[in-house]
Every structure is written in C-alpha cells, then in structure tokens.
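Novice: Quick one: structure below, then a few questions.
The values are calculated or read from the model by the stated rules, or taken from the named source; none is laboratory data. Quick caveat, the model's predicted, so the values are computed rather than measured. Heads up, the Cβs are rebuilt from the backbone with ideal geometry, glycines too, and the neighbour counts pull from every protein chain shown. What goes into the accessible areas is simple: the full protein's heavy atoms, side chains included, and nothing from ligands, DNA or RNA. Shrake-Rupley method; radii C 1.70, N 1.55, O 1.52, S 1.80 Å.
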Amino acid sequence: MRILRAGDHKRMPWKNGKGETVEIAVFPPGASIDDFDWRISMATVAEDGPFSIFPGIDRTLAILDGNGMVLDVEGSSPALLTTASDPLAFPADIPVVARLEDGAINDLNVMTRRDGLAHTLVRIDVDGGMTVRLSPATCLFLCHRGALSFRRNGETGALAAGDALLIEDTAATVLEIDGVARCYLASITAD
C-alpha cells in the first residue's frame, strides 16, 4: 500500500499535444504514454476536439469538475458526461470527439491494455465512516475532493484532495474509511 501525494503526480503533454495530463500512476513504473500496461491520469479539457488514439487500449472516463462534456464515440450515440454521471467505458483506439457543454472540464482516465487486463472505475461519496470492498486486483483509491482517513490490515493513513492510495495485487479485502470526500476507485485485473 502506497500513498501517492497530489504534489508528486507527473505532469506531461497529451499524446496529441493539445493539452496536459497529470499522471497519478502507471505500470510498469516509468512506462511512456505508448508502452504502459495500465495508466490512471487526470486532464483538463479546455476546447472541443478529438481524443488521442491509443491502439489496443480500453478506457474509462469520469468528469471530476466542470459543466460537462459530450463524447461522440464512433459507433455509439453521443453521451453527455457530467460530475453526476457514471464513468463511461469505451475503446481508446477508435475515433472519439469531445464537445464541451459550458467551459473547461477536468476528467479522470483509467486505461488498460486490452490484451491481458481489464478495469472498472466507480465513484464513491464518503460522508462519515464506511467500508469499501476491494476486489482481488490492483486498486487505486483517489480522493478527489475533501479529506479522509483510512485503515486496512492494521495500516492507517490519511488522504487530502488529489491524493491517492495504490494497493497493488491485493487479495480480496476491505478498506475502512472515515471523512467527507468524493472519491474514485479503479480496480485493474488480469483478464
């Protein structure tokens, strides 16, 4: 279990050069934008336009802040995503065009290499104490807004806004959390 502090996240240009991404975690460590097995990042989308193409990658996107974005994923009806929407999963290797509803948005992206990995992404609103069940997977628990304390198998710690907890190759277990926060849980499994 490792805490990944917001101030340590890696900033880098988008693959298409039209913006900046904030990499929270990547595997294998130090992998580039072209050779990762999995990657979790945040980005600001400030203008309409196409998404970068990632061959062989599946992607899930959630809106963290802003007034929403319509995603036109080739072969699907346009989908409006807002901070209240469930995360949207789609292939990252087909054309996707984004149209902002009203100003810039910040989003969270989880990407996995389709050949061997799969992932899920869920939003969790914390208001007091609760228990989160972790699947037997690599899990990243992001505290997007607010703050919380956590306990798992006798280890304790705290997350502030932007911090994440990376739990690698966990057996099925629980994470006890307490606080007031909007969080996201990404789980990455071998396919």
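Novice: List every residue whose amide H lies under 5 Å from the amide H of Thr170, counting only residues 5 or more places away in sequence or on a different chain, with H placed 1.01 Å from N in the peptide plane.
Specialist: Result for Thr170 returns Ala137, Thr138, Cys139.
Novice: Which residues' amide hydrogens lie under 5 Å from the amide hydrogen of Arg114, considering only partners 5 or more residues apart or on another chain, with H built in the peptide plane?
Specialist: Those qualifying (amide H under 5 Å, at least 5 residues apart or on another chain) are Ile57, Asp58.
Novice: From Cα pairs below 8 angstrom and at least 6 apart in sequence, can you work out the relative contact order of the chain, rounded to a whole percent? It would help to have the intermediate numbers written out before the result.
Specialist: Working: 505 pairs, mean separation 42.9, N = 191.
Relative CO of the chain lands at 22 percent.
Novice: Here's another thing I want to ask about it. Taking only the alpha-carbon atoms of the chain, what semi-axes of the equivalent ellipsoid follow from 5 times the gyration tensor eigenvalues under a square root, in whole Å, largest first?
Specialist: Values: eigenvalues 141, 71, 46 Å².
In descending order the semi-axes read 27, 19, 15 Å.
Novice: Enumerate the calculated ³J(HN,Hα) couplings along region 121-128 in order (Karplus 6.51 cos²θ - 1.76 cosθ + 1.60, θ = phi - 60°), each rounded to whole Hz, writing x wherever the residue is Gly or Pro.
Specialist: Whole-Hz 3J(HN,Hα) from phi for region 121-128: 9, 10, 8, 10, 8, 9, 9, x.
Novice: Around Thr156, with a cut-off of 13 angstrom between Cβ atoms, what is the net charge of the other residues, counting Lys and Arg +1 and Asp and Glu -1?
Specialist: Working: positive: Arg151, Arg152; negative: Glu155, Glu176, Asp178.
Overall, the nearby charge balance is -1.
Novice: Also, I was wondering about something else. Give me a comma-separated list of calculated 3J(HN,Hα) values for region 170-175, in order, Karplus coefficients 6.51, -1.76, 1.60 applied at θ = phi - 60°, integers in Hz, x for any Gly or Pro.
Specialist: 7, 7, 4, 7, 10, 10
Novice: What list of ³J(HN,Hα) values in whole Hz, one per residue of region 142-157 in order, does the Karplus curve 6.51 cos²θ - 1.76 cosθ + 1.60 (θ = phi - 60°) give from phi, with Gly and Pro shown as x?
Specialist: Going residue by residue, I get 9, 8, 7, 9, x, 7, 7, 10, 9, 9, 8, 6, x, 8, 10, x Hz, with x marking Gly and Pro.
Novice: Right, another one. Any idea of the accessible area per residue across the chain, 1.4 Å probe, to the nearest Å²? If you can, show how the numbers build up before the last one.
Specialist: Values: 8900 Å² over 191 residues.
Accessible surface, normalised per residue, equals 47 Å².
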